[in-house]
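Note sheet for the following structure.
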Amino acid sequence: MTTDGTVDTELDVTPLHMRKALGRFVSGVTIVTTAEREDESAVHGMTANAFTSVSLDPPLVLVSIANRAKMNERITETGRYGVSILAGDQEPLSLHFAGAASEPDLVRFVWRKGVPLLEGALVHLACTVVDSHPAGDHTLHVGRVEELRYDDGHPLVFYTGSFRSLELVRDDPWGF
């Protein structure tokens, strides 16, 4: 029995149960982008929450991309990618790049080190791939951050299949 009175039963480890369990981990929402040339018609982007920091020195981040996704092939071809960490009001962009809605009029790019990034995002990271690792049905692309920019604001987060905007409720206790 759990603290709320429900029965705690062990579940089979299936893709559905993995998705439901891992959906309880709050994650930020990013758009991963790449382009063969500095031209908006050449940009390919996708919504991703499988993103993490790997190292501060050297500055490395990782994106996990499904092997069947076009983005996996595009990152392999270009050797570069951008990560835009979305602000709380950018849910429509997330849906656009996830293929759930078509909002091309909302998409505005800025270019950093030849990499397209989304205007208005809280964070821009322009990365060069330094290593890629197959991992099950995904590939982990480790990128060295060549340029970064960030701004304050409320981030867009994803939890149990829903978008939410995270607002600061108290001052940062760590002084960052």
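Using the Cβ-Cβ distance between T128 and S102 with R0 = 30 Å, the FRET efficiency computed as 1/(1 + (r/R0)^6) comes to roughly 0.45.
Rounded if a/c is under 1.5, else prolate if a/b beats b/c, else oblate: with a ≥ b ≥ c from the C-alpha gyration tensor eigenvalues square-rooted, which is the stretch 26-159? Walk me through the intermediate numbers first.
Details: a/c = 1.27, a/b = 1.21, b/c = 1.05.
Note, shape of the stretch 26-159 comes out rounded.
Karplus-derived 3J(HN,Hα) values for the stretch 101-106, using 6.51 cos²θ - 1.76 cosθ + 1.60 with θ = phi - 60°, are 8, 10, 10, x, 5, 7 Hz; glycine and proline are entered as x.
Can you tell which of V110, V61, V129 shows the greatest fluctuation in a Gaussian network model of the chain with Cα springs below 10 Å? Among V110, V61, V129, the largest GNM mean-square fluctuation belongs to V110. With a cap of 10 neighbouring Cβ atoms within 10 Å, and only residues DSSP puts in a loop, list the trypsin sites (Lys or Arg not before Pro) found in the stretch 4-83. Passing sites in the stretch 4-83 are R24, R37, R68.
By how many nm would the segment from T76 to A42 lengthen if fully extended, with 0.36 nm per residue of separation less the alpha-carbon distance?
Values: separation 34, 0.36 × 34 = 12.24 nm, distance 1.51 nm.
Result for the pair: 10.7 nm of gain on full extension.
Here the calculated FRET efficiency for K113 and A66, from their Cβ-Cβ distance with R0 = 22 Å, stands at 0.30, rounded to the nearest 0.05. Normalised by the number of residues in the stretch 71-119, the average gap of Cα pairs under 8 Å and 6 or more apart makes the relative contact order 30 percent. For the chain, the relative contact order works out to 24 percent when only alpha carbon pairs closer than 8 Å and six or more residues apart are counted.
By its C-alpha gyration tensor, with a ≥ b ≥ c as the square roots of the eigenvalues, how is the stretch 6-70 shaped: rounded for a/c under 1.5, else prolate for a/b larger than b/c, else oblate?
Prolate.
Read-outs: derived from the displayed coordinates by stated rules, not from any lab. Nothing here was measured: the structure is a model prediction, and the numbers come from that model. Note that each Cβ is placed from the backbone with ideal geometry, even for glycine, and that neighbours are counted across all protein chains shown.
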